[in-house]
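Report on the following structure.
The values are calculated or read from the model by the stated rules, or taken from the named source; none is laboratory data. Since the structure is predicted, the reported quantities are computational estimates derived from the model, not experimental observations. Cβ placement follows ideal geometry from the backbone for every residue including glycine, while neighbour counts extend to all protein chains displayed. Remember, those area values only see protein heavy atoms, side chains included, never the ligands or the DNA or RNA. Shrake-Rupley method; radii C 1.70, N 1.55, O 1.52, S 1.80 Å.
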Amino acid sequence: MAQAKVFIDGESGTTGLGIRERLTAIPSVTLKSLPSERRRDPAARREIMEEVDLVVLCLPDDAAKDSSAMAASLGNAAPKVLDASTAHRVDPEWVYGFAEMTPDQHVRIAQAKNVANPGCYPTGAIGLLRPLTDAGILPKDFPVTINAVSGYSGGGKSMIQDHDTTHGPAFELYGLKLEHKHVPETQLYGGLSRRPIFVPSVGHFRQGMLVSVPLHLDMLDGKPTGADLLKLLEERYAGCDLVRVVPPQTDGKLEPEALNDTDRLELTVHVNEKHRHAVLVARLDNLGKGASGAAVQNIALMLGLHTGVGPRDAAHA
C-alpha cells in the first residue's frame, strides 16, 4: 500500500494523541480528522470511515462497540479497525494485537480485518506467562498471582489531573474488588484455566510499569530451575526487536521508568535456588508498548507498512 489513510476516532485522549504523534512520523501514512464540532455527528463519522483504510478506536467500550458496528455496516467499503478499548479483547471474532504472543501472531494480525489492542498490564503478564503455559511448565490451572505498578498516566483523565495538580498519593493499591477489566484477557491469552489474582497499583510518576509474577519452582511441572525459565523465555522471543529477555540487575532492584518513551518490553527472571523461589518481571512504558506503541505496531502490520526493521522484527516492531 503506497499511501495509507488512517482515522483516529477519539484522537484527543492520551492514547489517541500518542498514536497520532507516532503515525505523523511515518511518511506512508496520511491522517484524516474531523473538526471538533463534527466528531459526534454519525453522518460525518460514517463518511470519513468510507474514505480511509483503517480506523483506530480510542473510545470508551460502549462507544467503541458502536463505532466498530458503524464501520462494519459499510460492507465492501468498510475499513480495517484497531480497537484500543477493552470492548473486543476477548471477542473470538477479533484478533488479539500482541504480536509477540506466539510465533505466528504477527501473521494473524497482518491478515485481520479487526484487531483488539492489548491492555498495558496484560502485555507484561502474558509476555511472561504464555511461554510457560505453552511449554506445559506452568499448569493451566496454576493459582497465579500478578502484582503490578504503573505510572498515573494509565489511570485516565481524572487521575492524571489529580496527580498533575494536587500530586495525588505517593503510592496506592487499587482494583481490590478483584474485578479489574484486564483480568479476562490476561487469563485467556496467558493460557490459564484458573482466574489469576491481579493486584495493580499506581505510583506518583507519570509513566512506566512493572508487572511481576512470583512462583514456587517446586510447584511447577518438572520442577524447573530459574535457568530453565530463562532459557524458555529467551527461545520464545529470539529475533524479536521490541521484546528482550535481559539479565537481572546485580543489586536486586528494578525501577519502572527505564523504558519510558520507548516501545520496548523487557523480561527478567529473578531466582533464589536455595529457596526455590522465582519472580518473573516485565518492564515497559504503559504509554508505549502498553498502549500507543503497540497500536502503531499493529497498524503497521495491518496495512503492510515498512518499519525499517528486519522481517521478524518488523512483525514485532
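Here the stretch 160-198 is the region considered, the condition is being open to solvent by 70 Å² or more (accessible area, probe 1.4 Å) and assigned to a helix (DSSP H, G or I), and the residue that is farthest from residue 130 (Cα to Cα) is 165. The residue of the stretch 205-217 that is farthest from residue 265 (Cα to Cα), among those that are under 19 Å from the mean Cα position of the chain (by Cα) and open to solvent by less than 10 Å² (accessible area, probe 1.4 Å), is 213.
Please go through the stretch 87-102 and give me each residue that is open to solvent by 30 Å² or more (accessible area, probe 1.4 Å) and either modelled with pLDDT under 95 or among the β-branched types (Val, Ile, Thr) (or both), ordered by number. Reasoning before the result, please.
Step one: filter the stretch 87-102 for residues open to solvent by 30 Å² or more (accessible area, probe 1.4 Å), giving 90-93.
Within the stretch 87-102, just 90 meets the criteria.
Look at residue 202 and say whether it is open to solvent by less than 30 Å² (accessible area, probe 1.4 Å), of a type in the set (Val, Ile, Thr), within 19 Å of residue 130 (Cβ to Cβ) and touching a strand residue (DSSP E or B) at 6+ places or on another chain (Cβ under 9 Å). Answer is no for this residue. Counting only helices (runs of 4 or more DSSP H) that fall entirely inside the stretch 37-156 and contain at least 2 residues that are in contact with a His (Cβ under 6 Å, 6 or more places away or on another chain), the qualifying elements are 120-135.
Return yes when residue 286 is within 29 Å of residue 97 (Cβ to Cβ) and touching an Asp or Glu at 6+ places or on another chain (Cβ under 7 Å) and no when it is not.
Values: within 29 Å of residue 97 (Cβ to Cβ): yes; touching an Asp or Glu at 6+ places or on another chain (Cβ under 7 Å): no.
Criteria not met by residue 286.
Contact annotation: residue pairs with Cβ atoms under 8 Å, 6 or more positions apart or on different chains, pairing a residue in the stretch 171-184 that is under 15 Å from residue 87 (Cα atoms) with a partner that is of a type in the set (Lys, Arg) and open to solvent by less than 30 Å² (accessible area, probe 1.4 Å), are 184/89.
Looking only at the stretch 294-311, decide whether some residue is surrounded by 23 or more Cβ atoms within 10 Å (Cβ to Cβ), modelled with pLDDT of 95 or more and assigned to a strand (DSSP E or B).
Taking the stretch 294-311 first, the residues surrounded by 23 or more Cβ atoms within 10 Å (Cβ to Cβ) are 294-302.
Next, from what is left, pick out any that are modelled with pLDDT of 95 or more: 294-302.
Narrowing the set further to residues that are assigned to a strand (DSSP E or B) leaves none.
Looking through the stretch 294-311, none of the residues is surrounded by 23 or more Cβ atoms within 10 Å (Cβ to Cβ), modelled with pLDDT of 95 or more and assigned to a strand (DSSP E or B).
The single condition from (1) open to solvent by less than 30 Å² (accessible area, probe 1.4 Å); (2) within 15 Å of the chain's Cα centre (by Cα) that residue 79 fails is (2). Residues of the stretch 121-151 that are open to solvent by 20 Å² or more (accessible area, probe 1.4 Å) and closer than 17 Å to residue 206 by Cα: 149 alone.
Being more than 22 Å from the chain's Cα centre (by Cα) and part of a helix (DSSP H, G or I) is the filter here; which residues of the stretch 231-249 pass it?
Across the stretch 231-249, the qualifying residue is only 231.
Condition test on residue 226, is it farther than 30 Å from residue 15 by Cα and open to solvent by less than 20 Å² (accessible area, probe 1.4 Å)? It is true that residue 226 is farther than 30 Å from residue 15 by Cα and open to solvent by less than 20 Å² (accessible area, probe 1.4 Å).
Only one residue in 27, 60 is surrounded by fewer than 21 Cβ atoms within 10 Å (Cβ to Cβ) and either at pLDDT 95 or above or farther than 18 Å from residue 304 by Cβ (or both), so which one is that? Walk me through it before giving the result.
Details: 27 fails: either at pLDDT 95 or above or farther than 18 Å from residue 304 by Cβ (or both).
Being surrounded by fewer than 21 Cβ atoms within 10 Å (Cβ to Cβ) and either at pLDDT 95 or above or farther than 18 Å from residue 304 by Cβ (or both) holds for just one of 27, 60, which is 60.
Could you tell me whether residue 269 is surrounded by 16 or more Cβ atoms within 10 Å (Cβ to Cβ) and part of a strand (DSSP E or B)? So residue 269 fits the description; yes. Of everything listed in (1) at positive phi; (2) surrounded by fewer than 17 Cβ atoms within 10 Å (Cβ to Cβ), the single unmet condition for residue 10 is (2).
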